[in-house]
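Have a look at the structure below, then the notes.
The values are calculated or read from the model by the stated rules, or taken from the named source; none is laboratory data. Keep in mind it's a predicted model, so treat the numbers as computed, not measured. Glycine gets a Cβ as well: all are built from the backbone with ideal geometry, and neighbour counts include every protein chain shown. Heads up: the accessible areas ignore ligands, DNA and RNA and are worked out on the full protein's heavy atoms, side chains in. Shrake-Rupley method; radii C 1.70, N 1.55, O 1.52, S 1.80 Å.
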Amino acid sequence: MSANLTLDALDKYILNALQTNARTSYAELAKAQHVSAATIHVRIEKLRQAGVITGTHVHVDARKLGYQVCCFIGINLARAGDYPRTLARLEALPEVVEAHYTTGQYSIFIKVLVQSIEQLQDLLINKIQSIDEIQATETLISLQQPILRNAPVV
């Protein structure tokens, strides 16, 4: 976020409302805040230009698409300089849906979605652990996801 950008109450309302339902119309937002739809449009564009709003998203239930296994894999690299090449290799794997460069025990922490334990085993052995720069991995299987939310706008 730009150092010059200050969010006022209307900006915060817009962000919270759109995080709850990105399909909320400008007219609905305007009516709730007693401003014009044009004002809402200008504010949303300001938030986009500042990089606060980076897009709109559809949340999909991965299980309904057949992805029965969600897991997190901690990755240790042989050397810190191996990060860019390893990240490029991980990014090429469609099963990897998130990656974080971290401090602590792991160099990289990834989130993976697969349809079965057998697919997870194949992914680990033949795709992830075969990356030369990866020294070791630790896999944590998610049993459930009781909390899923966006960053709070305060």
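For Leu10 and Ser36 in one chain, what is 0.36 nm times their gap in residues minus the Cα-Cα distance, to one decimal in nm? It would help to have the intermediate numbers written out before the result.
Values: separation 26, 0.36 × 26 = 9.36 nm, distance 1.19 nm.
Contour length minus the Cα-Cα distance gives 8.2 nm.
Which of the lysines could a cross-linker span from Lys127 if the Cα-Cα distance has to be under 28 Å and same-chain partners fewer than 8 positions apart are dropped?
Output for Lys127: Lys64, Lys111.
What does a probe at Ile141 reach in the stretch 68-91, counting residues whose amide N is under 19 Å from the point 7 Å along Cα→Cβ?
Answer for this model: 68-75.
Sort Val42, Val153 from largest to smallest accessible area, using a 1.4 Å probe on the heavy atoms of the protein chains. Intermediate results must be reported in sequence, preceding the final value.
On the way: Val42 95, Val153 30 Å².
Descending accessible area places them as Val42, Val153.
Just to verify a number: what accessible area does Leu148 come out at with the full protein assembly present, 1.4 Å probe, Å² rounded to tens?
120 Å²
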